[in-house]
Amino acid sequence: MFEGFDINFIIFGVMPYVALTVFLVGSIARYERDPFTWKSSSSQLLRSKQLIWGSILFHVGILTVFFGHLVGLFTPVWVLDALGVPYGLKQWMAVLIGGPAGLAALIGGTMLIHRRLTDPRIRATSTTLDILIMILIWLQLAIGLLTITQSLQHMDGAEMIRFMEWSQSVVTWNVNAWVTVVDVHWLFKLHIFLGLIITMLFPFTRLVHIWSGFAAPFRYLLTRPGYQIVRSRRRPLEERRRAYDARQGKAGPKATTPAQ
C-alpha cells in the first residue's frame, strides 16, 4: 500500500500548500472572530529589563533574515542572469549578511526567552503557545546558522539555485517542485520543515501582530477616515479660565458652551 510513498513528497510537495492555506485562512478567521486578541501582548510594563536590547537584536535580526529569504528565494533566476549577478556572489551575500543577522536574532531571542521563563509575572501572563513559538523560532534560527556550514561547501551558488527553483515552483503550482530538493542535506530539509510548522502556527499565536505592521501604512493612507483624534496635554478650559481670572484680579466673561 505504501510502496511508492515518499516522505519528501509530503513535506516539500504537499505541506507548503497546507501551511499557506492555514496561514491565510487562519489569520482571516482570527481577525473576524477574535479581533481583540490581535496584538503583540507586550510585557514591557511588567519588566523592561532585558526587553529593550533583546527586542532590538531579535527584531532587527529576524527582519533582515526574513526579507533576505524573501528576496533571495523569490527573485527569478533570469533576473540574476539579466543583471549579470554571479551565483557565487549571491551566495556570499547570503552568508555575510544572513549570518550576522541570524546571530543577532538568536542572541536577542535567547534574552527574550530567558526573560519570559525566569520572571514569574511574565511567565504567569504567557500562554503555552507564546513560549512554544519563541522556542521554535529560536530553534529555526539555530538550524539556519548551522546550514551555513553546508553553504560554505557550495559557494558556487548551485545549491542556492535549487532552493530558489523549489520556492518559485511551489508558488506557481508545479506539482513536481519537491523533486528539486529531495537530495539536499538534512539540515536544509529540517530548516524548511520547521519553517512550515511555524507558518501553520502563525495565526494562533501573537505573531499575527506582524500583519498589522505591514498593513498599517496602507490602512493609514487608504482607509483612514480623514482626521486624527488628538488629545491635548493642556489643562481643561475652565481650569485655565480660573487661572487667567486670578492673574487679572477680576472675573472674566463666562461661557456656557464651547461655541461661546
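Points worth noting:
- Excluding ligands, DNA and RNA, the accessible surface per residue across region 137-189 is 51 Å² with a 1.4 Å probe.
- For Met155 and Val79, the difference between the fully extended length at 0.36 nm per residue and the C-alpha to C-alpha distance is 25.4 nm.
- Alpha carbon centroid spacing (whole Å) that separates region 128-164 from region 52-119: 10
The values are calculated or read from the model by the stated rules, or taken from the named source; none is laboratory data. Since the structure is predicted, the reported quantities are computational estimates derived from the model, not experimental observations. Remember, those area values only see protein heavy atoms, side chains included, never the ligands or the DNA or RNA. Shrake-Rupley method; radii C 1.70, N 1.55, O 1.52, S 1.80 Å.
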